[in-house]
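Worksheet: one structure, shown below.
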Amino acid sequence: MDKVLKHSVKKVQKLNARAGKGSTTSLYQQIEIGQLCVEGHAYWKANKKALGMSRDDLCEAYGYGKTYFANLIKVANVSIEDT
């Protein structure tokens, strides 16, 4: 894992620790986590061969299963007002 992706993963892990509280603030943090996952996923797609990571490896780096990771990416596309 290179520097860019590692930075994204660390940010997600830090936010994930704070987001599990079930408040309005945690909802905003979940959306922010989704946006970071979108950025990391886009970077991974562009550099898949150079990174030598499969999608399973990417999800594992973030600490999520494939389905939850995909759901986070979908959430990032929904505006906060719609939520």
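Rounded to the nearest 500, the 222 nm mean residue ellipticity of the chain from helices alone is -24000 deg cm²/dmol, with -39,500 (n - 2.57) taken per DSSP H run of at least 4 residues.
Dividing the Cα radius of gyration of the chain by its Kirkwood radius returns 0.98 for Rg/Rh.
Computed with a 1.4 Å probe over protein heavy atoms only, the accessible area of residue 74 comes to about 130 Å².
Between residue 17 and residue 66, full extension at 0.36 nm per residue minus the direct alpha carbon distance yields a gain of 15.7 nm. What is the angle, in °, between the Cα long axis of helix 24-46 and the longest principal axis of the Cα atoms in the chain? Nearest 10 is fine, range 0 to 90. For helix 24-46, the angle is close to 20 degrees. Against the longest alpha carbon principal axis of the chain, how many degrees, from 0 to 90 and to the nearest 10, is the axis of helix 3-19 turned? Once rounded, the angle reads 30 degrees.
Partner lysines whose Cα lies under 21 Å from the Cα of residue 66, excluding those fewer than 8 positions away in the same chain, are identified as 6, 10, 11, 14, 45, 48, 49, 74. Using θ = phi - 60° in the Karplus curve 6.51 cos²θ - 1.76 cosθ + 1.60, the 3J(HN,Hα) couplings for region 62-77 round to 7, x, 10, x, 4, 5, 5, 4, 5, 5, 4, 5, 5, 4, 5, 7 Hz; x is entered for Gly and Pro.
Where does the charge balance sit around residue 67 when Lys and Arg score +1, Asp and Glu -1, over other residues with C-beta under 13 Å from its C-beta? It would help to have the intermediate numbers written out before the result.
Details: positive: 55, 66, 74; negative: 56.
Charge balance near residue 67 sits at +2.
Relative protection proxy for 63-72, 33-42, from highest mean packing down: 33-42, 63-72 (other beta-carbon atoms within 10 angstrom). Fully extending the segment from residue 32 to residue 2, taken as 0.36 nm per residue of separation minus the present Cα-Cα distance, adds 8.6 nm.
The values are calculated or read from the model by the stated rules, or taken from the named source; none is laboratory data. As the structure is a computational prediction, the values presented were derived from the model and not from experiment. For neighbour counting, all protein chains shown are included, and Cβ atoms are generated from backbone atoms with ideal geometry for every residue, glycine included. Remember, those area values only see protein heavy atoms, side chains included, never the ligands or the DNA or RNA. Shrake-Rupley method; radii C 1.70, N 1.55, O 1.52, S 1.80 Å.
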